[in-house]
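First the structure, in the form of structure tokens, and then the observations on it.
The values are calculated or read from the model by the stated rules, or taken from the named source; none is laboratory data. In this text the structure is predicted, and so the values were computed from the model without any measurement. Counting neighbours? That spans all protein chains shown, and the Cβs are built from the backbone with ideal geometry, glycine included. Accessible surface is based on the protein model in full, side chains and every heavy atom, while ligands, DNA and RNA are left aside. Shrake-Rupley method; radii C 1.70, N 1.55, O 1.52, S 1.80 Å.
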Amino acid sequence: MRVIVVGAGVLGTMHAWQAVERGHEVVHLEREAEARGASVRNFGLIWVGGRASGEELATAQRARDLWQRIGERVPGLHFRANGSLTALRTEAELAVAEEVVKGEEAAERGYRLLDAAETRAVNPALRGSHLGALHCTRDAAVEPRAAQPALRAALEATGRYTFLPGREVREVIGSSALRDDHGRVHRGDLVLLCTGAWTGGLVRELAPELPVRRVRLQMMQTDPLDEPLTTSVADGDSFRYYPAYAGAALDALRAAQPQTETAAEHRMQLLVVQRVDGGLTIGDTHEYEQPFGFDTVEEPYEHLTAVAEDLLGRPLPRIRRRWAGVYAQCLDTTRVVHRERIRDGVWLVTGPGGRGMTCSPAIAETTADLAEL
């Protein structure tokens, strides 16, 4: 079978991976020279701990295992099973962690509640103020800016994969054929459209009632920290944004401990992941109302810097770069992804939201099963 994949972000690349793994030939089209959207503007987190029970958690758990298997074959992903620590700075945050570690899925998620000394033993870089941490051993990380090129190199080595950058698809012809903006027609047996936050143009023509929205975020990266950050790190505000933590203790936290004005306005949480060069990727914000601003604003960065420095007990290294990104999210946020067969032989897969990096291997596996690859 000849499969045409459109979109070279992590979701499209993982669909290409599934097709090649199953013995098929893949032609992979990307409108840019390489992916430049949310797939390279994220933390590289494989984030299991905060996922909602049911389909979302099952997808994240399956994806976590697939990432590890693929990472063993593709060293350039820099997969590491480093886990995460959600630092607890108040009694209200501690109460949320105490509640979730008693839940039925705590062991499945790899939850452990650590006191301050145990937290520093797991991650000695956290020398600042905290009461302890929620440890999630199932969380992991990869390098987002290296992942797609590394996966493509492995795919190209099979001899059954062709990457065609700088090709924007303008038309779907019948079933399983495309015309690009160079006038070239690409024919296959199956077309998989994984176009990310690109929801206008041809995508709107094919799926005018697409049930997804676009979300904007701001992030930054520092110069190398002069010591290892042995886990990914979150602050207690992350409890507010991930469904796994819902419960009476979170309700009490929301009532007793409102976010700062800046954090509330920008719907913020702190996430920190150390890159292989030692730099720290730090974020993030959430903006839902369009049109989005074209500026990056300083107040969120100031907030993130203050919280990160409080947890580390030291100044951050110099900020090397700042950026904004946009991803597509299902309007029904309980859905992992929007997957739609828009005509025979043509599937559209989009809208994983902030779960794209975590869940893409399992999302692609399910698409391959449904499309009978």
Subject >> Unique match (being farther than 22 Å from residue 244 by Cβ, in contact (Cβ under 8 Å) with a residue 40 or more places away in the chain, open to solvent by 60 Å² or more (accessible area, probe 1.4 Å) and under 22 Å from the mean Cα position of the chain (by Cα)) among 343, 320 >> reply: 320
Original post:
Quick check: anything in the stretch 334-343 acidic (Asp, Glu) and closer than 30 Å to residue 368 by Cα?
Top reply: yes
Original post:
How many residues does the stretch 12-42 contain that are open to solvent by less than 20 Å² (accessible area, probe 1.4 Å) and either among the aliphatic types (A, V, I, L, M) or closer than 24 Å to residue 106 by Cα (or both)?
Top reply: 8
Subject >> Residue among 53, 84 that alone is more than 16 Å from residue 363 (Cα to Cα) and open to solvent by less than 10 Å² (accessible area, probe 1.4 Å) >> reply: 84
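Among the residues that make up the stretch 145-164, is at least one of them in contact with a Ser or Thr (Cβ under 6 Å, 6 or more places away or on another chain), over 25 Å from residue 306 (Cα atoms) and of a type in the set (Gly, Ala, Ser)?
No.
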Subject >> One residue from 110, 54 being within 20 Å of the chain's Cα centre (by Cα) and in contact (Cβ under 8 Å) with a residue 60 or more places away in the chain >> reply: 110
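For the stretch 196-210, give me the residue count where each residue is of a type outside the set (D, E, K, R), part of a loop (DSSP other than H, G, I, E, B) and open to solvent by 20 Å² or more (accessible area, probe 1.4 Å).
The qualifying residues number 7.
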**OP:** Among the residues of the stretch 116-131, write down those that are crowded, with 16+ Cβ neighbours inside 10 Å, within 27 Å of the chain's Cα centre (by Cα) and not charged (D, E, K, R).
**Re:** 119, 122, 123, 125, 126, 130
Subject >> the stretch 189-216 - residue that is small (Gly, Ala, Ser) and out of contact with any strand residue (DSSP E or B) (no Cβ under 7 Å at 6 or more places or on another chain) and, of those, nearest to residue 289 (Cα to Cα) >> reply: 200
Subject >> Which listed residue is open to solvent by 30 Å² or more (accessible area, probe 1.4 Å), in contact with a His (Cβ under 8 Å, 6 or more places away or on another chain) and not small (Gly, Ala, Ser), from 373, 311, 331, 348 >> reply: 373
Original post:
Identify, please: which residue in the stretch 241-256 is hydroxyl-bearing (Ser, Thr, Tyr) and not in a helix (DSSP H, G or I) and is, among those, surrounded by the most Cβ atoms within 10 Å (Cβ to Cβ)?
Top reply: 242
Subject >> Unmet requirement for residue 259, which otherwise passes all of (1) without any contact (Cβ under 8 Å) to a residue 24 or more places away in the chain; (2) open to solvent by 60 Å² or more (accessible area, probe 1.4 Å); (3) more than 21 Å from residue 52 (Cβ to Cβ) >> reply: (2)
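Just name the residue that is farthest from residue 1 (Cα to Cα) out of those in the stretch 150-165 that are among the small types (Gly, Ala, Ser) and under 24 Å from the mean Cα position of the chain (by Cα).
That would be 150.
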**OP:** Among what's in the stretch 211-240 and is open to solvent by 10 Å² or more (accessible area, probe 1.4 Å) and of a type in the set (Asp, Glu), pick the residue that is nearest to residue 308 (Cα to Cα).
**Re:** 237
